[in-house]
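Below you'll find the structure, written out as structure tokens, and then a few comments.
The values are calculated or read from the model by the stated rules, or taken from the named source; none is laboratory data. Fair warning: this is a prediction, and the values are worked out from it, not measured in the lab. Here the Cβ positions follow ideal geometry from the backbone for every residue, glycine too, while neighbour counts run over all protein chains shown. Surface areas here come from the heavy atoms of the whole protein model, side chains and all, with no ligands, DNA or RNA. Shrake-Rupley method; radii C 1.70, N 1.55, O 1.52, S 1.80 Å.
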Amino acid sequence: MTELKRLRLLLIIAVLTICGTTSFASCSSDEDNGSSQPTIERIKQRGTILIGTTGDYRPLTFREADGTYWGFGIEMANEIAKRIGVGVEFVKTSWPTLTADVLAEPQTFDLAIGGITITDTRRETMLMSNGYLANGKTILCRASDADRYKSLADIDKPEVRVMVNPGGLNEKFANENLKHATIIVYPQNEEIPSRIAEGEADVMITEITEAPYYVQADARLAAPLLNAPFNHGEIGVLMRKGQDDLLQLVNDVILQMKNDGSLHQLHEKYGLVMGIDK
């Protein structure tokens, strides 16, 4: 045996010895980050599922001043955690940074929830669950102006000031469909309804899931096109690719909640009459 062959043999023996005392995955150069371990198993070992949410989208996700979260999406997150058998830790994200936070290395959270519309663009780079809530673009305006806005054309005029939050689909919709109206980007989504009521802008581009809450909470506001949204979609749970076991569990939870009526109960609890119950 040549010296070179002898060295190669010794190297192979050393590697096999190391792999005999650790998992094979830890000996593989492309699995050093533990990504081969199923997502649910990692969550169970941690004892907590990390949920990314914006906390600015009543009644789907909202963060109170004391740090507590509530909303339709928050209750969905708790159901997912209950199915896995772990606690929940909510991680603040934002609409402008949502995609980057989902794809971040190291991983920021296990999944994101709360008013996230299912789109082909998101599905190209990430995983999205089945829909658990119907969605569609509509408007909020002052109640005194409700008769003024009967179509998108009535909004798309130079004298109309349209306010949207940055980085999400509301801003995208406004930029694509309003060529004449004045578009105002305001950073705090949850504050926009009050800005409309107080006259700082005329119209808020929002969703059929969000508008009813503010109409009920503030008599100065109206949603005249609530039953005729500009488009239709569904809200789902967002996560990074490679987490197929977690995606399947989330879809199972959604299906179970549809079948046992608990999803419909959440729709009624939060006044979301246009839900997805079947």
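For a quick check of your reading of the model, give me the residue pairs whose first member lies in segment 82-98 and is in contact (Cβ under 8 Å) with a residue 24 or more places away in the chain and of a type in the set (Phe, Trp, Tyr), whose second is part of a strand (DSSP E or B) and open to solvent by 50 Å² or more (accessible area, probe 1.4 Å), with beta-carbon atoms closer than 9 Å and at least 6 apart or on different chains.
Taking only residues 6 or more apart or on different chains, the pairs are Phe90/Arg63.
Give me the pairs, please: first residue somewhere in segment 172-194 and of a type in the set (Gly, Ala, Ser), second residue anywhere and assigned to a strand (DSSP E or B) and open to solvent by less than 50 Å² (accessible area, probe 1.4 Å), beta-carbon distance under 7 Å, and either six or more positions apart or on two chains.
Ala174/Val162; Ala174/Val164; Ala174/Ile205; Ala181/Val162
If you scan segment 79-117, which residues turn out to be within 12 Å of the chain's Cα centre (by Cα), among the aliphatic types (A, V, I, L, M) and under 18 Å from Lys258 (Cα atoms)?
Ile113
What residue, among those in segment 107-140 that are without any contact (Cβ under 8 Å) to a residue 24 or more places away in the chain and of a type outside the set (Lys, Arg), is nearest to Asn165 (Cα to Cα)?
If we take residues in segment 107-140 being without any contact (Cβ under 8 Å) to a residue 24 or more places away in the chain and of a type outside the set (Lys, Arg), then Thr121 is nearest to Asn165 (Cα to Cα).
Can you tell which of Leu226, Leu178, Leu255 is touching a Ser or Thr at 6+ places or on another chain (Cβ under 6 Å), hydrophobic (A, V, I, L, M, F, W, C) and surrounded by fewer than 20 Cβ atoms within 10 Å (Cβ to Cβ)?
The conditions single out Leu226.
Tally time: how many residues in segment 229-246 are open to solvent by less than 30 Å² (accessible area, probe 1.4 Å) and farther than 30 Å from Glu176 by Cα?
2
With respect to Val203, determine if the residue is within 19 Å of Ala77 (Cβ to Cβ) and buried (at least 16 other Cβ atoms within 10 Å of the Cβ).
Answer is no for this residue.
Against the condition modelled with pLDDT under 95, β-branched (Val, Ile, Thr) and either in contact with a Cys (Cβ under 9 Å, 6 or more places away or on another chain) or buried (at least 20 other Cβ atoms within 10 Å of the Cβ) (or both), how does Ile196 come out, does it pass?
no
Identify, by number, the condition in (1) surrounded by 11 or more Cβ atoms within 10 Å (Cβ to Cβ); (2) at pLDDT below 90 that Tyr57 doesn't meet.
(2)
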